[in-house]
Amino acid sequence: MKSFYLAKRKLQLVPAAIILLGLTISTKISAQTVTTFDAPGAGTGPNQGTSALDIDASGTTIGFFRDANNVRHGFSRSKNGTFTIFDAPGAGTAGFQGTRAYATNSSGSITGYFTDSSNVAHGYVRSNQGVITVFDAPGAGTGAGQGTFPFNSPNLINPDGAITGYYVDSTGAWHGFSRDRN
């Protein structure tokens, strides 16, 4: 009786196995392409290197890298692998200072922030022609660790060029901001 029960149980599993096999065979297998890259001039030490942070519809990737001296520089990398390296005007040149690119939009504008030689943050927007406009939110502090931070989200800049982020005032309190394209 026991062997009859086990045989019946095994037969009940056959339809489920056939269905799973059919689904496995009919599932389209997609090939993936993963392209790795390092920005020219990126350092190779601990906490150095390339950070790719956003990509637009054309395949252009933006981000920043830390060089061998831990200075940050913004970059744009086209789909074909051509790099454009940029630094915002006034960006500091000491370790842990410099330019960070965080987001791009469909018109090719890039936004982020840079840290100056006093370690104060300032926002910027870079046009698709390479013109960089620096901005500070009203009320942003001017001490080390303070300032304007369009920071850490691919939704920082919309197709119309409006930018969001936060700023840190002179007391260390955080506040949101929205900047229109003008």
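The values are calculated or read from the model by the stated rules, or taken from the named source; none is laboratory data. Given the structure is predicted, the values throughout are model-derived calculations rather than measurements. Reconstructed Cβ throughout: ideal geometry from the backbone, glycine too, with neighbour counts over all protein chains shown.
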Taking region 72-92 as the region of interest, how many residues are surrounded by 14 or more Cβ atoms within 10 Å (Cβ to Cβ) and either among the hydroxyl-bearing types (Ser, Thr, Tyr) or out of contact with any strand residue (DSSP E or B) (no Cβ under 7 Å at 6 or more places or on another chain) (or both)? 2
Filter result for the condition that a residue is surrounded by fewer than 18 Cβ atoms within 10 Å (Cβ to Cβ) and within 19 Å of residue 174 (Cβ to Cβ), over 150, 138: 138
Could you please give the count of residues in region 46-58 that are free of Cβ contacts under 8 Å to residues at least 24 places away in the same chain and either buried (at least 16 other Cβ atoms within 10 Å of the Cβ) or touching a strand residue (DSSP E or B) at 6+ places or on another chain (Cβ under 9 Å) (or both)? 4
Restricting to region 112-128, what's the tally of residues that are assigned to a loop (DSSP other than H, G, I, E, B) and β-branched (Val, Ile, Thr)? 1
Give the residue, chosen from 107, 30, that is of a type in the set (S, T, N, Q), surrounded by fewer than 12 Cβ atoms within 10 Å (Cβ to Cβ), more than 15 Å from the chain's Cα centre (by Cα) and not in a strand (DSSP E or B). 30
Looking at 49, 43, 98, can you tell me which residue is of a type outside the set (A, V, I, L, M, F, W, C), under 17 Å from the mean Cα position of the chain (by Cα), farther than 18 Å from residue 123 by Cβ and modelled with pLDDT of 95 or more? 49
Which residue pairs have Cβ atoms under 7 Å apart, sit 6 or more places apart or on different chains, and have a first residue in region 34-45 that is more than 12 Å from residue 77 (Cα to Cα) and in contact (Cβ under 8 Å) with a residue 40 or more places away in the chain and a second that is of a type outside the set (S, T, N, Q) and in a loop (DSSP other than H, G, I, E, B)? 41/67
Of the residues 69, 128, which single one is surrounded by fewer than 23 Cβ atoms within 10 Å (Cβ to Cβ) and more than 15 Å from residue 39 (Cβ to Cβ)? 128
Over region 79-104, the set of residues outside any strand (DSSP E or B) and farther than 18 Å from residue 179 by Cβ is 79, 80, 81, 82, 87, 91, 92, 93, 94, 95, 96, 97
Go through region 110-125 and give me each residue that's buried (at least 19 other Cβ atoms within 10 Å of the Cβ) and closer than 18 Å to residue 167 by Cα. 111, 112, 113, 114, 115, 116, 120, 121, 122, 123, 124, 125
Being surrounded by fewer than 16 Cβ atoms within 10 Å (Cβ to Cβ) and either on the phi > 0 side of the Ramachandran plot or of a type outside the set (Phe, Trp, Tyr) (or both) is the filter here, so list the residues in region 163-182 that pass it. 170, 171, 172, 173, 175, 176, 178, 180, 181, 182
Those residues of region 62-97 which are within 14 Å of residue 49 (Cβ to Cβ) and of a type in the set (Gly, Ala, Ser) amount to 63, 68
